[in-house]
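S.K.: This structure is in structure tokens; I'll ask about it shortly.
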């Protein structure tokens with residue numbers, strides 16, 4: 001070793017880098033507008049809207065729709081109200097309008113696993129024909145719940 005030359009010493013270590021990706025879901029919905037209802041028509045009035053669910057990829061979830069704001073409503077016969085009058089309707093999981101969309105997991109909710117967010121779920125509504133109700137603007141509110 002030459003005089004005046006210092007030998008450098010080093011020490012090394014490693015550390016791990018970690019993160020945990022959480023299961024998170026967000027939900028939004030468009031309004032459902034049936035438009036004009038003709039009480040004399042024998043044909044039900046159909047319309048649709050969407051519920052959009054954005055979850056962390058791989059998250060299993062269920063989308064439930066409650067019975068709505070009607071005092072005597074059920075998931076099979078929901079209620080829009082106007083001045084004490086009721087206009088009944090239902091919400092379905094598919095365009096054929098045979099499977100009611102409710103809020104009981106394992107029974108009448110829509111289940112999915114997030115693959116590529118967001119996932120858009122169609123909601124198919126039907127106002128039943130033959131309801132003799134007065135003229136007016138009927139409305140109600142549905143609560144959407146995503147369980148994950």
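S.K.: Looking at segment 51-68, can you tell me whether even one residue there is farther than 25 Å from residue 118 by Cβ and either part of a loop (DSSP other than H, G, I, E, B) or at pLDDT below 95 (or both)? Write out each step before concluding.
M.R.: Of all residues in segment 51-68, those farther than 25 Å from residue 118 by Cβ come to 67.
Pick out the ones that are also either part of a loop (DSSP other than H, G, I, E, B) or at pLDDT below 95 (or both) and you get 67.
For segment 51-68, residues farther than 25 Å from residue 118 by Cβ and either part of a loop (DSSP other than H, G, I, E, B) or at pLDDT below 95 (or both): present.
S.K.: To continue, here is another question. Please give the number of the condition residue 72 fails out of (1) over 19 Å from the mean Cα position of the chain (by Cα); (2) surrounded by 14 or more Cβ atoms within 10 Å (Cβ to Cβ).
M.R.: (2)
S.K.: Then there is this: Within segment 69-80, work out how many residues are under 11 Å from residue 140 (Cβ atoms) and assigned to a loop (DSSP other than H, G, I, E, B).
M.R.: Here the count works out to 4.
The values are calculated or read from the model by the stated rules, or taken from the named source; none is laboratory data. Just so you know, these numbers come straight off a predicted model, no measurement behind them. Neighbour counts run over all protein chains shown; Cβ positions are idealised from the backbone, glycine included.
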